[in-house]
Amino acid sequence: LPQSRDASGATGTPLTPVLTSYWDDDRSWTLDTYRRHHGYEALPLALGMEPDAVVGAVKDSGLRGRGGAGFSTGTKWSFIPQGDDKPHYLVVNADESEPGTCKDIPFMYATPHALIEGVIIAAYAIRARHAFIYLRGEAVPVLRRLHAAVAEAYGAGYLGADILGSGYDLDVVVHAGAGAYICGEETALLDSLEGRRGQPRLRPPFPAVAGLYASPTVVNNVESIANVPPIIRNGVEWYRSMGTEKSPGFALFSLSGHVTTPGQYEAPLGITLRELLEYAGGVRAGHRLKFWTPGGSSTPIFTDEHLDIPLDYESVGAAGSMLGTRALQIFDETTCVVRTVLRWSEFYAHESCGKCTPCREGTWWLVQILDRLEHGRGTEEDLAKLLDISDNILGRAFCALGDGATSPITSSIGYFRDEYLAHFEHGGCPFDPHRATLAA
Ligand code: NAI
C-alpha cells in the first residue's frame, strides 16, 4: 500500500500519498516522469475491459465526488443512457474556486498527465469521444501545462484515433473560463462552455441526461477523475482498505491560514483535524485554534470542540457541517469571526450571478448588515435579521451558491453570538487595534 508516515514522526492515521507522491520530483509534469510512476499503466487495463465493467469497478470502489457534494462517481456514470444516438460528453470541472479550496490547481500543475489518464478511462467508460477540461481562467500556468501534456499524450498515442490500438477514439479540449465562481456550478459551467453567460440551469434534468449541447454528460471534479487510474491499477479492495466504509479511499486535505505548515495533505477519509495538524506542525506558534472550516467557506464552521470529528461525509454531516472540498481554513484566537464572515459574504454577493432573487438580493443585504455590525453600528435586531434573511435564502435559491452563503453566518452566530454582541456593545470590532481612534 502506498502509505507512509510523515518524517515528522506524527502518530495516528498515516498519510496516504498517491496523487501527491511525486509532486516534488524534478519536472513532475512531464510524460517521462509520469511513466516512471506507473503512469498510463491503468489505461491498457481499462481499455481491455468492457466500458460497463470500468463503471462497475468505480462504483464498487465507493469513490465519491471530490468536488464537494460527495455523490457516488460510478453511480453518476451509470446514469448515462446507453444505446441512444446522441453523443456523450465528459466534462472535467477544473474551475476550483470555493474559498480556501486549493487542491485541483496544484494537482494539475504538478501532474497534468495523472488527470489526462483519468479522463481517457472515464470517457471510455461512459462511451464518450469528446472530453473537455474546463479550467479556472486565472490559472494560466496550469493552462500551459495542460496544453503541453495533452499534446504529449496525443504524440504518444494516448489520445486521438485508435488509442493504443484499441479502436477507441478520444479528443480532449482544454478550455479556460473567465474567472467566475458561478461557473464552477456544473450547469452554469456547461452554459459557459457552450458560449453563453454562465448561469445555473434548472435540475432535473441532470447533466447525465441533458448536459452539454443537451446530450448525456458526466461532469466530474478533477480529483474524482484522478482517483480512477489508481483504482483500476490497484483494485477496488486496495481503495476500500483506506477511509471508512461509506467514505472510502484517500483525499486531498488543504490546510491554510494560521497553521505552521500550510499545504496539501493526502490522507484517508476519516482522519481528524487534530491528526492533520500534527503533520502540519500545529496552529502557528503561541496561538490556539478558534474556528475552522471543514470544507471551504460554504460549509458551517467548526470550533476547537470539533478537533476529533472524523473527516468523512457521514461524521462531518452528523456534527452539523459538510465535508465539502476539505478546505480546512484555520483561524486562531486573533481572528474576528464577524470580520471573517463579512469577507466571505462580500465574496458571495460579488459572485452571485443574479439569476434568482433570494441570492441576488439576499447576499447584498447580508453584507450591509454584517458591515454595520463589524463597525459597531449594529443592533441586536440585526442578528435576528441576518438569521431571517439566511432562512429566506436557504433552500430557496436556484443553486448551491445561495445556500453556501448562509452557512458561515448561521453557524458563526450559533457559536460566537457573544462576539457579535461585543461589537455593538463596545462601539466597534474588539479585535481592531485602532478601534478607539476610529470611535473617536
Ligand atoms: P448536488 O448534490 O446537487 O449534485 C452532485 C452531483 O451529483 C452533480 O454532478 C449532479 O449532477 C449529480 N446528481 C445528483 N443527483 C442526481 C440525480 N438524481 N441524477 C443524476 N445526477 C445527479 O451538488 P452540487 O449542487 O452539484 O454541488 C454542491 C457542492 O459543490 C457543495 O457541497 C460544495 O461543497 C461544492 N462546491 C465546490 C466548489 C469548488 O470550488 N470545488 C465551489 C462551490 C461549491
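Below, the figures for the structure above:
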{"read-out": "Matching option when the condition is open to solvent by 30 Å² or more (accessible area, probe 1.4 Å) and either outside the structural domain of LYS76 (by TED's automatic domain parsing) or in contact with an Asp or Glu (Cβ under 9 Å, 6 or more places away or on another chain) (or both), among ASP171, ASP162", "value": "ASP162"}
{"read-out": "So TRP238, is it among the hydrophobic types (A, V, I, L, M, F, W, C), crowded, with 22+ Cβ neighbours inside 10 Å and farther than 16 Å from ARG66 by Cα", "value": "no"}
{"read-out": "Filtered residues of region 134-155 (kept if without any contact (Cβ under 8 Å) to a residue 60 or more places away in the chain and under 21 Å from the mean Cα position of the chain (by Cα))", "value": "TYR134, LEU135, ARG136, GLY137, GLU138, ALA139, VAL140, PRO141, VAL142, LEU143, LEU146"}
{"read-out": "Subset of region 310-334 [within 14 Å of the ligand (Cβ to nearest atom) and either in a loop (DSSP other than H, G, I, E, B) or touching a Pro at 6+ places or on another chain (Cβ under 6 Å) (or both)]", "value": "LEU311, VAL316, SER321, MET322, LEU323, GLY324, THR325, ARG326"}
{"read-out": "Filter result for the condition that a residue is within 16 Å of the ligand (Cβ to nearest atom), among the aromatic types (Phe, Trp, Tyr) and at pLDDT 95 or above, over TYR181, TYR154", "value": "TYR181"}
{"read-out": "Test for GLU96: is it of a type in the set (Asp, Glu) and away from the ligand (no atom under 16 Å from the Cβ)", "value": "no"}
{"read-out": "Set GLU266, GLU275: member being away from the ligand (no atom under 16 Å from the Cβ), assigned to a helix (DSSP H, G or I) and not assigned by TED's automatic domain parsing to the domain that holds ALA110", "value": "GLU275"}
{"read-out": "Hits in region 188-216 (condition: within 8 Å of the ligand (Cβ to nearest atom) and in contact with a Lys or Arg (Cβ under 7 Å, 6 or more places away or on another chain))", "value": "ALA208"}
{"read-out": "Tabulated pairs, region 270-297, first more than 18 Å from LEU252 (Cβ to Cβ) and without any contact (Cβ under 8 Å) to a residue 24 or more places away in the chain, second assigned to a loop (DSSP other than H, G, I, E, B) and open to solvent by 20 Å² or more (accessible area, probe 1.4 Å), C-beta under 8 angstrom, 6+ apart or interchain", "value": "GLY282/THR260"}
{"read-out": "Residues within region 61-84 that are away from the ligand (no atom under 16 Å from the Cβ) and buried (at least 16 other Cβ atoms within 10 Å of the Cβ), tallied", "value": "1"}
{"read-out": "Flag for LEU307 being open to solvent by less than 40 Å² (accessible area, probe 1.4 Å) and within 14 Å of the ligand (Cβ to nearest atom)", "value": "no"}
{"read-out": "Which listed residue is away from the ligand (no atom under 14 Å from the Cβ) and touching an Asp or Glu at 6+ places or on another chain (Cβ under 6 Å), from VAL337, VAL341", "value": "VAL337"}
{"read-out": "Filter result for the condition that a residue is within 25 Å of THR187 (Cβ to Cβ) and more than 16 Å from the ligand (Cβ to nearest atom), over SER407, SER390", "value": "SER390"}
{"read-out": "Region 219-243 residues that are among the aliphatic types (A, V, I, L, M), paired with ones that are surrounded by fewer than 18 Cβ atoms within 10 Å (Cβ to Cβ) (beta carbon under 7 Å, 6 or more apart)", "value": "ILE232/LEU45; VAL236/ASP60"}
{"read-out": "Test set (1) within 30 Å of SER256 (Cα to Cα); (2) part of a loop (DSSP other than H, G, I, E, B) - GLN82 fails condition number", "value": "(1)"}
{"read-out": "Members of region 414-431 found to be farther than 16 Å from THR379 by Cα and either open to solvent by less than 50 Å² (accessible area, probe 1.4 Å) or hydroxyl-bearing (Ser, Thr, Tyr) (or both), listed by number", "value": "TYR415"}
{"read-out": "Residue pairs meeting the criteria (Cβ under 8 Å; at least 6 apart or on separate chains; first in the same structural domain as THR187 (by TED's automatic domain parsing), in region 79-93; second assigned to a loop (DSSP other than H, G, I, E, B) and open to solvent by 70 Å² or more (accessible area, probe 1.4 Å))", "value": "PHE79/PHE206; PHE79/VAL209; ILE80/ARG127; PRO81/VAL209; GLN82/ARG127; PRO87/ARG129; HIS88/ARG127; HIS88/ARG129"}
{"read-out": "Unique residue being of a type in the set (A, V, I, L, M) and within 15 Å of the ligand (Cβ to nearest atom) when the list is VAL236, VAL219, VAL283", "value": "VAL219"}
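The values are calculated or read from the model by the stated rules, or taken from the named source; none is laboratory data. These figures come from a predicted structure and were not determined experimentally. No Cβ is skipped: glycine too gets one built from the backbone with ideal geometry, and neighbour counts run over all protein chains shown. Surface areas here come from the heavy atoms of the whole protein model, side chains and all, with no ligands, DNA or RNA. Shrake-Rupley method; radii C 1.70, N 1.55, O 1.52, S 1.80 Å.
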